[in-house]
Amino acid sequence: MAFGLYSLLEAAILCLNAICILHEERFLAKIGWGTSQAGFGEDPGVKAQILHLVRSIRTVMRIPLIGINVAVIALKLVFG
Amino acid sequence: MDTPSSFRQPGQKKRGKASKGGGGGSRPQLFEDTSNSQPVPPPQGYGMNYGQPQYGYDPSGGYPPQQGQYPGQQFFQDPMASMAMQYGTTLADQGKDYVHKNLEKYVATSKLKYYFAVDTAYVGKKLGLLIFPYTHSDWSIQYNQDDPIAPRYEINAPDLYIPVMAFVTYILVAGVVMGTQARFTPEQLGIQASTALVWMIIELLATLFSLYIMNLNANLNYTDCLAYSGYKFVGMIFSLLAGLAFQGTGYYIALLWFGAALSFFIVRTLRPKVLPHATNDDGYTKGTKRSLYLIISVALAQPVLMWWLTSHIMFGRLF
């Protein structure tokens, strides 16, 4: 496929958005992916690592993603 | 006359052009300076200024321009301006250090030099290893107090020289192959380069993600992963060349051979790095299984990516 670096960037932004909009109580707890269920063992296990990663991405990227999304929306409005 | 003039050459060279003009002024000139092509004699005022320092460097600034006249020449004789220039130079140096230090935090540029410390013998042996890894017996890497030693001395160490060179060669060979199929345009080079780069980044992210997920205690940093992913370009180049020479059959045979060789190479190379060592591990059986899965999936991803990145060059677009 003729990818460009820009499509990679778009895909990355979309994926990060998808991860950030998963709501803690309304959704993740319902399907057993909430933070209360993930313990801190010595050997955390695959599921715990994934949940940990999701939580970290949400905490870190929430604010910058707002700015990035606004910028991308503005660019798409202007340049199509 | 020769020895004195050659002795004084370094100091004289800078003053020679100016003192030629001011030679009629204050001090005698000891030899005819024919080193400059078009000497424009400065007016007498300037000549007086230049005539003062006899030997050694002109203290009023770094390199006063001595050829021709331009309006700014008086600028450099002004001590304030020269001081400002020196200050500016120091500031520029500080800025450079600052940039280097901050870049170091993100890109680890000093560590990068390790990956390019190769020599011809290493490159030759490593290429031979990539083509035929089945007879190599010792895959361990010697460490030098926690740092792996430079690739120059240790054939099993990863390097970034071969992947970078192979990447560029792959782009060029892809251009050649497309040229034989009469569908080459210069934009294609850029398109192929970005496509390959994007797939490399995707593979790198997938590998790092799996390493994090499986909680493996591997000492594989991202440059190592980049190096191991980059070795596939060597196989791709040979497959494309075989396809160029022997059409479809040659391409598939070369792809199979290099795919198998690279998978074997990756499995053998990653095993000492990723698998937990028996000494400081107390029965992490889950860890061993997970790292084995990771190694096998990385090794299997290599031929798939090799095929994906070359088939659309050989046979026109598949999509």
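The values are calculated or read from the model by the stated rules, or taken from the named source; none is laboratory data. Only a predicted model underlies this, so the values are computations on that prediction, with no experimental measurement involved. Neighbour counts run over all protein chains shown; Cβ positions are idealised from the backbone, glycine included.
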| query | Pick from A:L53, A:L5: which is touching a helix residue (DSSP H, G or I) at 6+ places or on another chain (Cβ under 6 Å), at pLDDT below 90 and within 14 Å of chain B (Cβ to nearest Cβ)? | reply | A:L5
| field | Filtered residue count, region B:172-207, keeping only those that are β-branched (V, I, T) and within 14 Å of chain A (Cβ to nearest Cβ) | value | 6
| query | If you take the residues of region B:154-173 that are without any contact (Cβ under 8 Å) to a residue 24 or more places away in the chain and in a loop (DSSP other than H, G, I, E, B), which of them is surrounded by the most Cβ atoms within 10 Å (Cβ to Cβ)? | reply | B:A157
| message | From the list B:R183, B:R152, exactly one residue is out of contact with any Lys or Arg (no Cβ under 8 Å at 6 or more places or on another chain) and at pLDDT below 80. Which is it? | response | B:R152
| said: Step by step: first the residues of region B:205-248, then only those that are more than 28 Å from the chain's Cα centre (by Cα) and aromatic (F, W, Y), then the one that is modelled with the lowest pLDDT. Which residue is that? | reply: B:Y212
